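Data first, discussion second: the structure below is written as structure tokens.
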Amino acid sequence: MPLLELRGINTHYGAVHILKDVDLAIFPGELVCLLGGNASGKSTTLKTLLGMVTPTTGDVVLDGEIVTHHSTSYRVERGVTMVPENRRLFKRLSVKENLELGAYLRTDRDGIANDLERVFEMFPRVKERLNQKSGTLSGGEQQMVAVGRALMSDPRVLLMDEPSMGLAPALVQTNFELIQQIHEEGVAIFIVEQNANMALSIADRGWVLQTGKVVLDDSAEALLANPELRASYLGESGSV
Amino acid sequence: MTATANDASTFEAPGLDWRRQIRFSAIGALSCAFIALAGMPVGLDRRSIVYPVLSLGYLSLFWVPFVLASLAGSQVVLEGMGERERDTRDLAAGALVGLGSALGLVGLMILVKNFNLRDPLVNWSPQLLELLSFNRSTTLGMLLWVVLGTTLGLLGGAMHVVPAMVRAKILTVVLSVLIVSVLQTFLTDLLEGFRLEVFTDFIYYKRGGLEILGALLVAVLAIAIPLLVAGRIKGLRARVQKMPPDERSRVNLVLLGVGAALLLVLPFFLGKIANELLANVGLFVLLALGLNIVVGLAGILDLGYVAFFAVGGYTTAVLTSPNSPGFSPELPWPVALIVVVVLTGLVGLFIGAPVIRMRGDYLAIVTLGFGEIIRLLFLSDWLSGWFGGAQGITNIPGVDVGIGTVKGTDPRSVFLLVLVFCGIAIYVSWRLEHSRLGRAWMAIREDEDVAEAMGVNTTSTKLMAFVVGAVLASFSGAIFSAKVGSIFPTSFIMLVSIIILVVVIVGGMGNIAGVIVGAVVLIGVLGGPKQPGLLQELGQFKLLIYGALLVWMMLKRPEGLVPNVRRSRELHQEEFLQDAWLKGEIDEEDPS
Ligand SMILES: Nc1ncnc2c1ncn2[C@@H]1O[C@H](COP(=O)(O)OP(=O)(O)OP(=O)(O)O)[C@@H](O)[C@H]1O
Ligand SMILES: [Mg+2]
């Protein structure tokens, strides 16, 4: 059974039709990616999954339960978390407070303490900067805190919106290694990316979104080999 | 980054920035002319600071050259940069700024003497010219200003040349004299309570201000007292610092208890005037603490906060006064308070529900509207059968507390009651700030969408902020009602919202201690919208000063007067630099 699923989703912003009959499913422990150009509706898809946008028609299914009209907190409580586009830390709060907010809905103190240790292990730098205002962190450090904050909710599926955006090329590589590492711990990951080559090199499966429609749905290898995709998305540089 | 922090200077500090000095001269000239034309020197001349040499009126001008000269000379020392050697050029720079400021006045004097612009500028008057000429000939007056301005500027510049210790001493003396002079009513009242009138009789001039000898005595004490006790306090501090954390927190708790106890006995040593003043201050502390939760913690810019103060006040009046025109159950105040809290909380929900869907400027405008609507409802003929319209509700009884009655004619009892409620409000604020709810508020303040993505129920969380804020305001309203004995719609004008907001901003949004200090200083010294402060003479200039303070704070110290302990711990020099460094990058990344 899929962990998280979109069934025939149509989403409008006002009268504008953004997502058109989108179907996708994320299975437990999978690493999948959603590719697409600017304004194709990637972030909207992600927000629909998390419940920050309510679709006009269609269903969002979590663990077989239809949660289309359930709140975001309901879904977060059940293991869905996101790392937002541009990281978006709570800038005037300290790193520690940011991490604590990641665990906002949890009440298991021991579990939280454990996960905090896990984050420190993964990012020793975060531990050094615990009392610093997060807005003053460098871009790379902010990325660590953003991922750490998401992990603090002990997610089963992590939704990442363009995790490599705005990172230095050297950091992009590290970042993807990190995503794989989190994936290996058993967390399902859903990456939204424009950096198609990189995303497909670590993903199991992927979708390609074009003006709100899923135009390709295949395994990562097949997508990498797909001539259409190569022509329109991968190009020379490998990014859109 | 830390490795280089302690290295010797790697680049030379830039020299004295003359353009900055000239810019500040111009600011000084304009400020002086503006203050003079706003009428402050003439209007405030009656109140002495040091009798007979310095009046509040002259002080409103004298501070300009001094403060601007020292501001112009201040320089941020960056990491890796040696501090510039200070020399006589700094004195010259200060003198220049002072002279510039004085020239603003000299120019104004020439204009006032030769032209008549009295029509648009009411203060363009012979009295102004006379005052600016120190009651001598205009030419002599101008000369005196040049000399005075230059000297004060020179002193301002000298602040950077003298050793830090001397600077600290000078500032202590100047500030002590000013503060003691401003606190005249309060201190006279307080010392009378201890039968120490001799002291205040000696230092103060009867009609306001310190005597010269008194000022000297204050100056001597300001230097002597720190010398006598500084060592001991440092020793105690160090000892507390060395204690294990739980013992230290116990010491803090004891100190807090002692402080609270002192505050509770304070009213008994104060006379009517001081108690009245502090009761008013306390009412605003309550309001400011409530608004601090809404604006400071949850980041909801509520410009109609007075609405809840009004609902609290009117509900109390209706429920307790025998003169309530419609419904008049004449409940005792404590019982009424329960109804008041519930009802105001509900009004908070009712106003909050539509408002919290909005964000930013829209929200601010709508709350402003709601604030006015509530006042207009109380004023309206339509509801005058309930609230008495413009006649308001009179004959509101005091609070019967068994051993006596809290009522306006006995300010001591009011102050005590206010203190109790302030205690409750502080405790509630503090607990909330460190609670899960408090954290959710801060998350929403920082980034509402992301807060939602973390699982915060933003709707109910924001509503909670509205309700808690409303309830704290209703406490204030309920006490206010019992204190003044009769209430009218005019007590709840928009200005009240604005003043409370200024108090919160100046004190430091989201900072409990700051907000309290802000309320005590601003309301205590300047006064509230209708309530006089220590400097009663300020009267018409009160709002001007509030406005100027607000602008200055927003520009220079957006974090407020009292630095947040938690925040300032985080903001070391290093991070300040990083902040400046990263600003461009972060702003680019996140356009929202
Ligand atoms: N709140 C909103 N109101 C109206 N239109 C919106 C809103 N949010 C997004 N849109 C529009 O919906 C479309 C899809 O936006 P979305 O953010 O999902 O794109 P995206 O694929 O994530 O693009 P990018 O790669 O640039 O982030 C865009 O045309 C955008 O302008
Ligand atoms: Mg996007």
Quiz prompt | Other protein chain Cβ atoms within 10 Å, averaged over every residue that makes up A:128-141 | solution = 4
Quiz item: Carbon and sulfur together cover what percent of the accessible area of the protein assembly as shown at a 1.4 Å probe radius?
Solution: 64
Quiz prompt | Whole-Hz couplings from phi, Karplus 6.51/-1.76/1.60, listed for the range B:443-455; x for Gly and Pro | solution = 4, 5, 4, 6, 6, 4, 4, 5, 4, 4, 5, 7, x
Exercise. Starting from the amide H of A:Lys213, placed 1.01 Å from N in the peptide plane, find each other amide H under 5 Å away whose residue is 5 or more places distant or on another chain.
Key: A:Lys20
Quiz item: Roughly how many nanometres apart are two label points built 7 Å out from the Cα toward the Cβ at B:Trp552 and B:Val162?
Solution: 2.1
Practice problem: State the dimensionless ratio Rg/Rh of the protein assembly as shown (Rg: radius of gyration of Cα atoms; Rh: Kirkwood radius). | Solution: 1.03
Practice problem: Kindly write out, for the range B:153-162 in residue order, the coupling ³J(HN,Hα) from the Karplus curve 6.51 cos²θ - 1.76 cosθ + 1.60 (θ = phi - 60°), rounded to whole Hz, with x marking Gly and Pro. | Solution: x, 4, 5, x, x, 5, 4, 8, 8, 5
Quiz item: What accessible area per residue comes out for the range A:115-224, rounded to a whole number of Å², with a 1.4 Å probe?
Solution: 37
Practice problem: Grab the beta carbon distance between B:Leu221 and B:Leu140, set R0 = 35 Å, and tell me the FRET efficiency rounded to 0.05. | Solution: 0.45
Exercise. Report the dimensions of the range B:259-576 along its three principal axes from the alpha-carbon atoms, largest first, rounded to Å.
Key: 61, 44, 38
Quiz item: Looking only at the range B:359-388, which residues have a backbone nitrogen under 18 Å from a spot 7 Å from the Cα of B:Leu301 in the C-beta direction?
Solution: B:359-372
Quiz item: If you place +1 on the Cβ of every Lys and Arg and -1 on the Cβ of every Asp and Glu, how big does the dipole about the Cα centre of the protein assembly as shown come out, in debye to the nearest 20?
Solution: 3460
Quiz item: Non-local amide H neighbours of B:Met81 (under 5 Å, H modeled in plane, Pro and chain starts lacking H): which ones?
Solution: B:Thr10
Quiz item: In nanometres, what is the gap between the two model label sites at B:Leu346 and B:Val122, each 7 Å from Cα along Cα-to-Cβ?
Solution: 4.6
Exercise. State the extension gain, in nm to one decimal, for the chain segment bounded by B:Lys272 and B:Trp382, taking 0.36 nm per residue of separation less the distance between their alpha-carbons.
Key: 35.7 nm
Quiz item: What nm distance separates the two modelled labels at B:Phe199 and B:Thr490, each placed 7 Å from Cα along Cα→Cβ?
Solution: 4.1
Self-check item: Distant-in-sequence amide H partners of B:Leu54 (H built 1.01 Å from N, under 5 Å)
Solution: B:Ile49
Quiz item: In Å² (nearest 100), what accessible area is buried between A and B, both sides summed, heavy protein atoms only, 1.4 Å probe?
Solution: 3100
Quiz item: Per residue and in cubic angstrom, what volume does the convex hull of the Cα atoms of chain A have?
Solution: 120
Self-check item: Cα-derived Rg over Rh, computed across chain B with Rh taken as Kirkwood radius
Solution: 0.99
Quiz prompt | Reduction of at least 40 Å² in accessible surface, 1.4 Å probe, comparing all protein chains with the chain by itself, residues of the range A:53-94 | solution = A:Asn86, A:Arg88, A:Phe90, A:Lys91, A:Arg92, A:Leu93
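For A:Tyr13 and A:Asp63, FRET efficiency with R0 = 30 Å and r from the beta-carbon atoms, rounded to 0.05?
That gives a FRET efficiency of 0.60.
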Exercise. May I ask you to evaluate 6.51 cos²θ - 1.76 cosθ + 1.60, the Karplus curve with θ = phi - 60°, for each residue of the range A:144-149 and list the ³J(HN,Hα) values in order in whole Hz, giving x for glycine and proline?
Key: 4, 5, 4, 5, x, 4
Quiz prompt | Out-of-range pairs (alpha-carbon distance over 30 Å; input B:Lys483/B:Lys542; A:Lys133/B:Lys242; A:Lys127/B:Lys234; A:Lys20/B:Lys462) | solution = A:Lys127/B:Lys234; A:Lys20/B:Lys462
Quiz prompt | Which of A:Leu158, A:Gly212, A:Asn98, positive extreme of dipole for chain A (C-beta unit charges) | solution = A:Asn98
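The values are calculated or read from the model by the stated rules, or taken from the named source; none is laboratory data. Treat the numbers as computed from the prediction; the structure is a model and nothing was measured. Please note: Cβ atoms are built from the backbone with ideal geometry, for glycine as well, and neighbour counts cover all protein chains shown. Calculation scope for accessible area: heavy atoms of the full protein, side chains included, ligands and nucleic acids excluded. Shrake-Rupley method; radii C 1.70, N 1.55, O 1.52, S 1.80 Å.
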